[in-house]
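Visitor: My questions will all concern the structure given below.
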Amino acid sequence: PVGAAHYLHEHIPGSKLEVTEEYGAPIHGESLYRKIEAFIEEATARSPP
């Protein structure tokens, strides 16, 4: 599924490639996913309203 997603992303103009929690953790490892999630939460909290 990951290879197919990358292939389609490269061949469909304007497409977005998103990794959901369901698939991101097993593929990239639970700890990496938690680090990314913490970074997003921190960056969101710091951004101006």
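Visitor: Is it the case that segment 22-38 has a residue that's at pLDDT 80 or above, surrounded by 10 or more Cβ atoms within 10 Å (Cβ to Cβ) and of a type in the set (A, V, I, L, M, F, W, C)?
Guide: Within segment 22-38, one or more residues are at pLDDT 80 or above, surrounded by 10 or more Cβ atoms within 10 Å (Cβ to Cβ) and of a type in the set (A, V, I, L, M, F, W, C).
Visitor: Sticking with this one: Can you work out which of the residues in segment 1-21 that are outside any helix (DSSP H, G or I) and of a type in the set (A, V, I, L, M) is modelled with the highest pLDDT? Break it down stepwise before answering.
Guide: Here is the first cut: in segment 1-21, the residues outside any helix (DSSP H, G or I) are 1, 12-20.
From what is left, the residues that are of a type in the set (A, V, I, L, M) are 12, 17, 19.
On the way: ILE12: 87, LEU17: 72, VAL19: 70.
Here the residue is ILE12.
The values are calculated or read from the model by the stated rules, or taken from the named source; none is laboratory data. It should be emphasised that the depicted structure is a prediction, and the values quoted were computed from it without experimental measurement. Glycine gets a Cβ as well: all are built from the backbone with ideal geometry, and neighbour counts include every protein chain shown.
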